Amino acid sequence: MKRVVIFGLGGTIASTATSSIGVVPQLDVTEIIDAVPSIETLAKIECVSFRNLPGAHLCVEDLFQLATDIEQAHCDGADGVVVVQGTDTIEETAYVLDLLVGTAGAVVVTGAMRNPTLPSADGPANLLAAVTVASTETFGNVGTVVVLNDSVHAAAWVRKAHTGSPSAFASPMTGPMGWISEKAAYKAWSPTRPGNIATAHLNEKAAKVALLNTWLGDDGGLVRAVVDLGFDGVVIAGLGGGHTNVAVASALEEIAKSVPVVIVSRVGAGETLRNTYGFLGSEMDLASRGLVSAASLDGVKARLLLTLLLSRRDSDTGAALKDFQRFSQGYRI
């Protein structure tokens with residue numbers, strides 16, 4: 001049998017009722033597994049209670065340690081790893097692990113949209129599907145994937161697209177890369193990935209990178225405040241294909257002289273444009289002011305990529321932006 005290590009981080013899948021109003025994460029990963037019928041017929045299961053937090057309470061430094069532990073699990077002979085956590089930040093955890101984990105072996109992130117106190121709780125089915133994928137050999141070399149509602153999504157493309165539906169996760173640019181049917185996992189395609197960022201080269205504390213939206217009538221005031229607030233970099237989610245008005249463009253040009261600035265589209269699907277429009281605040285104008293395009297990455301993932309690149313011990317602005325371009329343009333089907 002395949003050997004699968006399950007790391008429990010908390011989230012809805014681990015939440016139960018308390019004396020107060022609402023559910024909170026309380027179950028450890030072994031208790032979650034007890035509710036999953038026949039899971040131990042799929043693989044030899046080992047459990048690690050890594051955290052027990054809501055997804056919203058995790059931080060990048062938690063994921064530095066998690067990536068290191070996953071690499072160690074692979075080195076110790078695990079065929080696959082499953083990470084169980086809150087869905088609020090699954091797309092972020094999956095992408096960070098996709099960038100950091102450099103060892104061979106499946107990495108699957110899953111969770112639940114409905115907690116165990118509800119009659120329609122989806123956690124057991126999602127965990128069973130995740131272990132199925134983690135123990136399937138064809139998923140051992142595709143990087144990190146997200147598995148919920150019997151769909152398999154590549155980490156670079158997935159996003160949470162609904163606040164409550166069991167089918168909350170989608171990949172607007174590509175669609176799912178695989179699926180689960182009749183206790184088997186199938187892969188339709190594999191993503192092209194640009195490589196990994198070694199955890200051994202990271203500082204203990206992550207860099208601070210801001211993610212800001214721009215909007216109709218934005219005067220650039222928030223943008224100008226970023227450097228004074230101590231941020232090491234900025235990702236600006238622009239209008240349409242990655243555009244701003246003149247006031248914001250001027251503010252971005254000023255801060256780009258001191259910290260890296262990346263432009264993405266706030267739309268959520270489609271490439272950030274690079275060579276179409278030439279008006280003030282267009283993608284071509286912003287490039288001339290020192291901004292770098294995020295290509296196909298959305299704002300959440302562009303912020304994480306820039307965070308990791310600026311968190312390297314030997315990082316500087318020029319190297320971070322050069323590597324950002326290489327990584328962001330390296331994700332293709």
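Here are the numbers for this structure:
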quantity	calculated
Area accessible to solvent at residue 326, 1.4 Å probe radius, in Å²	120 Å²
With DNA, RNA and ligands ignored, accessible area of residue 160 (1.4 Å probe; Å², nearest 10)	50 Å²
Above-threshold pairs, the threshold being 26 Å between Cα atoms, out of 44/160; 2/187; 160/257; 205/322	44/160; 160/257
Long-range amide H partners of residue 53 with built H, under 5 Å	10, 11
Cβ charges +1 (Lys, Arg) and -1 (Asp, Glu), total dipole of the chain, debye	540 debye
Residue-by-residue Karplus 3J(HN,Hα) for region 310-323, coefficients 6.51, -1.76, 1.60, Hz, glycine and proline x	7, 8, 6, 5, 9, 6, 9, 4, x, 5, 5, 5, 5, 5
Neighbourhood net charge (15 Å Cβ-Cβ; Lys/Arg +1, Asp/Glu -1) for residue 258	-1
Reported label for calculated Kirkwood radius over Cα pairs in Å given (i) 20.4; (ii) 22.2; (iii) 23.7	(i)
For residue 209, distant residues with modelled amide H under 5 Å away	232
Carbon/sulfur fraction of accessible area - region 167-315, other protein chains in place, 1.4 Å, %	53 percent
HN-Hα J in Hz across region 245-253 - Karplus 6.51, -1.76, 1.60, θ = phi - 60°, x for Gly and Pro	7, 5, 4, 5, 4, 5, 5, 5, 4
Gap separating the Cα centres of region 62-98 and region 1-50, nearest whole Å	15 Å
Long-range amide H partners of residue 144 with built H, under 5 Å	98, 155
Residue-wise HN-Hα coupling along region 132-147, computed from phi with Karplus coefficients 6.51, -1.76, 1.60 (Hz; x: Gly, Pro)	4, 5, 5, 9, 9, 4, 5, 9, x, 9, 10, x, 7, 10, 10, 10
Residue 189 accessible area, assembled protein chains, probe 1.4 Å, Å²	50 Å²
For the chain, accessible area per residue (1.4 Å probe, heavy atoms of protein chains only), Å²	42 Å²
For the chain, with +1 on Lys and Arg beta carbons and -1 on Asp and Glu, the positive-most of 158, 171, 282 along the dipole	282
For peptides 222-228, 96-102, sequence by mean Cβ density within 10 Å, most packed first	96-102, 222-228
Computed [θ] at 222 nm, deg cm²/dmol, the chain (DSSP H ≥ 4; -39,500 (n - 2.57); rounded to nearest 500)	-8500 deg cm²/dmol
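The values are calculated or read from the model by the stated rules, or taken from the named source; none is laboratory data. A quick note: this is a predicted structure, and the numbers were derived from the prediction, not measured. So basically every Cβ, Gly included, is an ideal-geometry build from the backbone, and we count neighbours across all protein chains shown. Protein only, heavy atoms only, side chains kept; ligands, DNA and RNA dropped before computing areas. Shrake-Rupley method; radii C 1.70, N 1.55, O 1.52, S 1.80 Å.
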